[in-house]
Structure formats: C-alpha cells, structure tokens
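The values are calculated or read from the model by the stated rules, or taken from the named source; none is laboratory data. Here the structure is a predicted model, which means the values were calculated and not measured. Positions of Cβ are backbone-derived with ideal geometry, glycine not excepted, and every protein chain shown enters the neighbour counts.
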Amino acid sequence: MAQRRLSVAILVVCLTVLVSAVGQAAATKLTYRIWDVNQQPAMKQIVTEFNKVHPEIEVEIEVTPYRQYWTSLETAAAGKNLPDLFWLNAPNFLLYSTNGMVLPLDKRIAKDKYDMHGYPNSMLDLYSYKGILYGMPKDFDTIGLWYNKELFDSAKVPYPTNNWTWDDLIQAAIKLTDAKKGVWGIAAQLDDQSGFYNTIWQAGGYVISDDRKTSGFADPRTIEGLRFWTDLIHKYKASPTQAQMTDTSPIALFEAGRVAMLSDGAWNAIRFAENDYTKKRVDVVSLPKGKQRGVTIHGLANVIAANTKHPEEAWTFLKFLGSPRAHEIQAATGTVIPAWSEYQHLWVKAHPAFNVQIFIDQVKDSFPYPVSLYTNRWAQLSFDELTRAWAGEVSIEEAAKTLARKMNELLAQE
Amino acid sequence: MRSASDSVPGFRKVLRSRKYQGWLWGYILILPTVLGLGLFYLWPLVQSFYLAFTRWGAFGDYRWCGLQNFERLVSDPKIVDALRNSLVFTGLTVPLSISLATLIAVLLNAKIRGVSFYRVLYFLPVVTMPAAVGIVWRWLFNADYGAINYVLQKVFAIRGPSWLTDPKIALYSLVAVAVWGAIGNNMIIILSGLQNIPTVYYEAADIDGAGVLTKFFRITLPMLSPTLFFVSVTAIIGALQMFELVYMMIGINSPAIRATQTVVYLFYREAFINMNKGYASAIILVLFVIILGLTFIQLRLQRRWVHYD
C-alpha cells in the first residue's frame, strides 16, 4: 500500500515537472549563429533592444569560430538542423540559396512594406538569386593598408599616403626591415580577400570569368598581381617567410610590432582599437596603386533557415536586424561598416584614432568578391597551390598555372 | 488430458527460474552499452562502407557511383603522401612509446618514495584535452618565439629549427608530442602486467645469481609479452588513426602540410572542406583494410613471441 502511494507521488512530481517545462516553452527561442567574437557585444546589444519590443521572443547568439563555421553549418543543414538565423557570406550564398536552405524574403518585404531604401543595389544584388532576395544585408568591408607609426618613426621612413604606388610600398618595406631586430616591412600573408585578390585587381587581372566557368589565374596580369607578394618574400626579403607566418599569424606579428605594414580588412578596426599595443600606434591608408586601383569589396547578410520551426518570429527578428536602429548600433559601437548607407559615417566617428574613412572612400575602386557555386573548393585549392610559391618551392608562374588548370577542372563539375 | 501449459513442459517454470532471471538481467544491463555501440560505432561503420561507393553533391545529396572513388584514389598523389606519413608516424611512435613506457613502468614498480606521485605525473598527459595539448606544444615549438628555441638560443647558443613548419622535421616533432602523450597510457597497462609476474621467479633468479639485466630480459620481458602484445596492437591502431595533432599543430596552409597530413586528416579535408563525403569514405575504407591486415599479421606473429602460461 505504501509502495503504491509512493509510485503515485513520483508520477505526480514527474507530471508537474513536465507541465511546467511545456509552460516555459511558450516563449519562442531562436538561435542566431555568427562567427566573429569581436562582433558579439554589438549583436548582444541588438538582441537586448529587440527584446524591449518583443520580450516573448528569446534569441540565443551562438559563436562558432570561422574555421569551423561552414563545416558545422553544412552538417547542420544536411541534418535539417540549421540555426534559425545565421550569417551568410558571398562565397557560400549560391550554395545555400540554390539548394533551398534559406527563406526567400521578397514576399514578406512586400507584405510588410519593409523599408529597404538605405541598402545599396550592389548589396541587394549580391544576395539575390534569379531576382529573389534571400539575405538581409548586414555590413560591408573593404581592405586597407594598416601600418605601425612607431616602426616608421624609428626607421625614419615617411608614413604611407593614399597616393602610394606599388613601388612606394616596396621601397618602404625594404627600409623598414631590420633582420637583427626581427622586424619586417610588411607581412605578405597568404590570404585572398585581404591579400592577393587586391593586387590581382591592381595588376589588371581577374580571378574567375564573369560566366564563372574559367579561372583567371593563368592570366599574365593575374600572375603579376601574385608576384607582388612572392617578390616581397623572396626577392626583396621584406616579409617574414611562409613558414614564419604559419608559426605566428601575420596579424599577431602586426600586433606585436614585428611587421610595419599589413594589408587587411576594415573589420579589424575594432580589434586594433581595443588592443593595448595597436590602439595608439597604428593607422591606415588606401591600398597602393598598381596599374590601376583595386580593392575587394564584400559584405555579410543575415538569413533565415528554410527549415526553421518559427518562420514568423524569425522574420520579426530579421526585420529588427535589418532596421536602421540595428545598423546604428553596429556603426556606433565601431563594430563594422553597416550596409545601411545613412549610418556609415557613425562607424567612422567611432574610430577617431584611425583614418578609417578610406575604407568607405575605396568603394569606388572596388571589385566584388569572386564566387561560384562551390567557391570553397577552389578557394582552398588556391591556398594549396599558392602556398608552394609562397614557400619558395616553385615559381609563382608554375603555381598559378597549375592552380588555373585544377580550378578549371573543378568549375567544369559545377 | 494435457493442458496447453503442459505441452511446453515447464515453460513458466523456466521463466521464473534463477538461471533465466540471471541472464535476462545480464542482457538488460548490457543493453545501453550495446545500443550505444551499435548506434554510434557499428551502424556508421556499415554506412561508411556503403558511402565509399557514392558521389556527393551539396547538403547530403548523394548517389551510387560504383568504383569511381577508388579509381580516383589510385591516382591521387595526396593519398600516397598521407599513407607514407601515417606509416612513418606509426613506425616511430609505437616502438618509442612502448619501450619508454616499459622502462618507466619497471622503474615505477619499485618501492621508492613518492612512487604514486610519479605515476600520476606520467599519466597526466593522457587526461589532458588533446586541444590543450596541441595549443601548448604549438607554442613551445614556435620557431621564433617558442620556449624550446628560446632555451636552445640562450643556453646552448644554437639557432633552433622550424619545428612545425619545416617539411623535413615537422613529422618528427609530432612524433615527439605523440610519444609524450602515449607513455602514460601504455605505462599504466604495462605496470599492471608487471605486478602480475609472480615474485617466485625473481627469487629463484636471485638464488642463481642473475644480474639486473638478465632478470629483465629473461624473466620480465617474456612474462610481460601478453601485455606488450595488447599494448602494441592498440598502439598501432591508434597511431594509424592520428588526426588531432596535425589538425591542431600544423595549419592547412603550412609549408609542412604535405609532409605531415595523415590518412584521417585527408579524410577530414575531403569530407568537410571539399564536401566529398563519398571519396572520404573510400579513403577511410582503405585505412580500415590496412589496419585490419596489420592486426591480423600481429595476431599470427603472436605465436612466435608471446608467452602464455
């Protein structure tokens, strides 16, 4: 008898717990996945302000480091378990949109008469497929030449200007390199968006043809753009070697005062502004001119997963993410350059120590980030092949031509 | 008149018997582990074999493609690199870690002061997270700013090499870290094997006037051979599957990547970076066959050198 009463008591307790758990679930919980931990504070602020208007929708921000972001997202997508909202970038846009992994936004924008006037057409085009918009533009970035004023001062080299040419950069880098002190003029990092794509545009070359079927790496002008970096390493000896830059990342070298210049993105402004060493010592100018000016432009979008269980709530949050207020937060905190053009000046204001206006000024000389359906395959391939030229194992012509051949094979399969 | 329960003699009796209850409970208790094993080990194993014959598109879309993956495998230079790296890595790590572990186990079998402390010390690397191990060793090995080259420069005035980025020596640096990590694990098992050797043999040897080395090679090693056999089989299987050291310590764009990427690392690249899960499954199937073959050979050789009493 006592046993029976005990069993009933346990059953009642379990049911109570169950019912209360169900009761809790009345508040909708959304997951929002991002990859940049430097942007997390701004995203958190956006969520807090969103919750003032919509307390019934909880948003959990998940940060997955970039290195694992796409592999874990792809696994989630295959398992129909994507986060409700996430960041999407240009190289992966076609993959996700053509495979129906993200929600189209056109009908919802029209139905809610959502204000899109602050978005430049180039951003809207970047995240549209067959005329339908799939992503809410979030930010854009270009590349600049970050430099260390203190190292320039000790080597008595005049600071870079926005009118520098390739030659000016090379000469300065040679003068700034001091092997005894372990200081180099520039880190010739093996990076596409921050590094060689820009010199490829500046040399008049291209990465992929407009119809996305042929590789541009065998073009002699492209090879000139690549040679700019390998010469800095091997001919002018003004950069750390590929081995050294693998041991210690170029940005770590820059933040430790070991390299005087670094070609890198606008997104680093907030990082350099918070780093004790760099915040007083660095500044930035436009990239130098080769045969012409050229800068890679790119921007992220916020998207809703197609298989989300809460499309209405996710759209409500996306509307806030795309609202002028959210862009204002992104800009005023100095986090990124917002896609909403009216608030871009706020980002510049948030970084009084650096001449970050150049990032916005260079938009007129910019070229879009090269993409195709399976961008990551040939992007990784480009690193595989070019690292051999960076390491001095083969000439840059040979590496580039092998890369072009293999990239064309991959593109033919798309 | 026979009733239904009579025609199956004592069926209910069997159900209530002690013996049946015994093995019924046995099955119930192992059910969770067996389910887990089946779900997370055996089923993926079977799936991998099947997937080796498929070709993948994006997001889990795959179709049968017969032997295409294996044709591609045969002519892929990366596979040859990876196989060579895995075999060299195994060939160095296993003998080194087992012999060092045996030596240390023998030393720690003695009744010296603080022996428990030393045992803990040697076992610590085994319970340290691989990610932490990778990060710390990567910093130690850093050619320009790492502790190892710093000591070499300051104390011995030698300019240390690029431990992790020089293709000629990167693999050996990984072997060093792997041996460091594996000693503890092997040591514990060998230690228990040592403690199972009856002291009678040593006493008899002492009476006959045997020296330390003779005792080691004539008594310890033969009596230890079953344990050593177990350790060598598991160590080889483990070493051939090494992935985390390459992933954590050698960057994918490192000049040393071709000289260090192992078969499982190649599997990771193909499956998750190039999104070719079919080709990756074919690679892993080849590794499975190789490990199976090596284990079979070891089992056969067992008769030659393992003493069971």
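Report yes if B:Ala143 is within 27 Å of A:Leu253 (Cβ to Cβ), small (Gly, Ala, Ser), within 14 Å of another protein chain (Cβ to nearest Cβ) and in a helix (DSSP H, G or I), otherwise no. Reasoning before the result, please.
Working: within 27 Å of A:Leu253 (Cβ to Cβ): yes; small (Gly, Ala, Ser): yes; within 14 Å of another protein chain (Cβ to nearest Cβ): yes; in a helix (DSSP H, G or I): no.
In short, no.
Evaluating A:Asn38 against the criteria (1) out of contact with any Pro (no Cβ under 7 Å at 6 or more places or on another chain); (2) of a type outside the set (Asp, Glu); (3) modelled with pLDDT of 95 or more; (4) under 26 Å from A:Asn268 (Cβ atoms) leaves one unmet condition, (3). Checked against the criterion of being without any contact (Cβ under 8 Å) to a residue 24 or more places away in the chain and crowded, with 24+ Cβ neighbours inside 10 Å, the range A:264-279 contains not a single residue that satisfies it. Can you find a residue that is within 14 Å of another protein chain (Cβ to nearest Cβ), in a helix (DSSP H, G or I) and under 27 Å from the mean Cα position of the chain (by Cα) anywhere in the range A:175-192? Looking for residues that are within 14 Å of another protein chain (Cβ to nearest Cβ), in a helix (DSSP H, G or I) and under 27 Å from the mean Cα position of the chain (by Cα), one finds at least one in the range A:175-192, hence yes. For the range B:38-59, residues that are under 28 Å from A:Val102 (Cβ atoms) and surrounded by 15 or more Cβ atoms within 10 Å (Cβ to Cβ) total 6. Looking at B:Ile207, B:Ile190, just one residue is crowded, with 21+ Cβ neighbours inside 10 Å and not aromatic (Phe, Trp, Tyr), and that residue is B:Ile190.
The criterion of being of a type in the set (A, V, I, L, M), modelled with pLDDT of 95 or more and either surrounded by 23 or more Cβ atoms within 10 Å (Cβ to Cβ) or closer than 20 Å to A:Ile360 by Cα (or both) holds for A:Ile186. Against the condition surrounded by 21 or more Cβ atoms within 10 Å (Cβ to Cβ), modelled with pLDDT of 95 or more and assigned to a helix (DSSP H, G or I), how does A:Leu151 come out, does it pass? Against the criterion (surrounded by 21 or more Cβ atoms within 10 Å (Cβ to Cβ), modelled with pLDDT of 95 or more and assigned to a helix (DSSP H, G or I)), A:Leu151 qualifies.
Between B:Gly209, B:Gly134, B:Gly193, B:Gly184, the distinction of being in the same structural domain as B:Met249 (by TED's automatic domain parsing), over 24 Å from B:Leu107 (Cβ atoms) and out of contact with any Lys or Arg (no Cβ under 8 Å at 6 or more places or on another chain) belongs to B:Gly134 only. Among the listed residues B:Asn149, B:Asn185, identify the single one that is modelled with pLDDT of 90 or more and closer than 30 Å to A:Gln242 by Cβ. Criteria check complete, one pass: B:Asn149. Among residues of the range A:218-245 that are under 30 Å from B:Phe141 (Cα atoms), none has a beta-carbon under 8 Å from a residue that is among the basic types (Lys, Arg) and part of a helix (DSSP H, G or I) at least six positions away or on a different chain. Number of residues in the range A:149-177 that are touching a Phe, Trp or Tyr at 6+ places or on another chain (Cβ under 8 Å) and over 25 Å from A:Leu226 (Cβ atoms): the value is 4.
Only one entry of A:Trp340, A:Trp267 meets the criterion of being closer than 24 Å to A:Thr161 by Cβ and aromatic (Phe, Trp, Tyr), and that entry is A:Trp267.
Condition check ((1) part of a helix (DSSP H, G or I); (2) outside the structural domain of A:Gln193 (by TED's automatic domain parsing)) across all residues:
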{"site": "A:Leu346", "(1), (2)": "yes, yes"}
{"site": "A:His351", "(1), (2)": "no, yes"}
{"site": "A:Phe354", "(1), (2)": "no, yes"}
{"site": "A:Ile358", "(1), (2)": "yes, yes"}
{"site": "A:Phe367", "(1), (2)": "no, no"}
{"site": "A:Pro370", "(1), (2)": "no, no"}
{"site": "A:Leu373", "(1), (2)": "no, no"}
{"site": "A:Trp378", "(1), (2)": "yes, no"}
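Of all positions in the range A:84-91, none carries a residue that is part of a loop (DSSP other than H, G, I, E, B) and within 14 Å of another protein chain (Cβ to nearest Cβ).
Taking the range A:44-79 as the range and being more than 25 Å from B:Tyr247 (Cβ to Cβ), surrounded by fewer than 17 Cβ atoms within 10 Å (Cβ to Cβ) and touching a strand residue (DSSP E or B) at 6+ places or on another chain (Cβ under 9 Å) as the test, the residues that pass are A:Lys44, A:Asn51, A:Glu56, A:Glu58, A:Glu60.
Scanning the range A:242-268 for residues that are of a type in the set (A, V, I, L, M, F, W, C) and outside any loop (DSSP other than H, G, I, E, B) turns up A:Ala243, A:Met245, A:Ile251, A:Ala252, A:Leu253, A:Phe254, A:Val259, A:Ala260, A:Met261, A:Leu262, A:Ala266, A:Trp267. From the list A:Ile132, A:Ile143, A:Ile109, the lone residue that is in contact (Cβ under 8 Å) with a residue 60 or more places away in the chain and either more than 14 Å from chain B (Cβ to nearest Cβ) or over 26 Å from A:Lys364 (Cβ atoms) (or both) is A:Ile143. Whether any residue in the range A:316-323 is more than 22 Å from the chain's Cα centre (by Cα) and of a type in the set (A, V, I, L, M) is what I want to check. There is no residue in the range A:316-323 that is more than 22 Å from the chain's Cα centre (by Cα) and of a type in the set (A, V, I, L, M). Looking at the range A:390-412, which of its residues are under 24 Å from A:Ala243 (Cβ atoms), assigned to a helix (DSSP H, G or I) and within 11 Å of chain B (Cβ to nearest Cβ)? Scanning the range A:390-412 gives a single hit, A:Trp390. State yes or no: is A:Arg258 of a type in the set (D, E, K, R) and within 11 Å of A:Ala187 (Cα to Cα)? Criteria met by A:Arg258. Among the residues in the range A:272-287, are any within 30 Å of A:Ser323 (Cα to Cα), of a type outside the set (Phe, Trp, Tyr) and within 14 Å of chain B (Cβ to nearest Cβ)? There is no residue in the range A:272-287 that is within 30 Å of A:Ser323 (Cα to Cα), of a type outside the set (Phe, Trp, Tyr) and within 14 Å of chain B (Cβ to nearest Cβ).
Looking only at the range A:343-377, count how many residues are touching a Leu at 6+ places or on another chain (Cβ under 7 Å) and among the aliphatic types (A, V, I, L, M). Number of matching residues: 2.
Evaluate the range B:152-159: report whether one residue or more is touching a Phe, Trp or Tyr at 6+ places or on another chain (Cβ under 7 Å) and either in a helix (DSSP H, G or I) or surrounded by 13 or more Cβ atoms within 10 Å (Cβ to Cβ) (or both). No.
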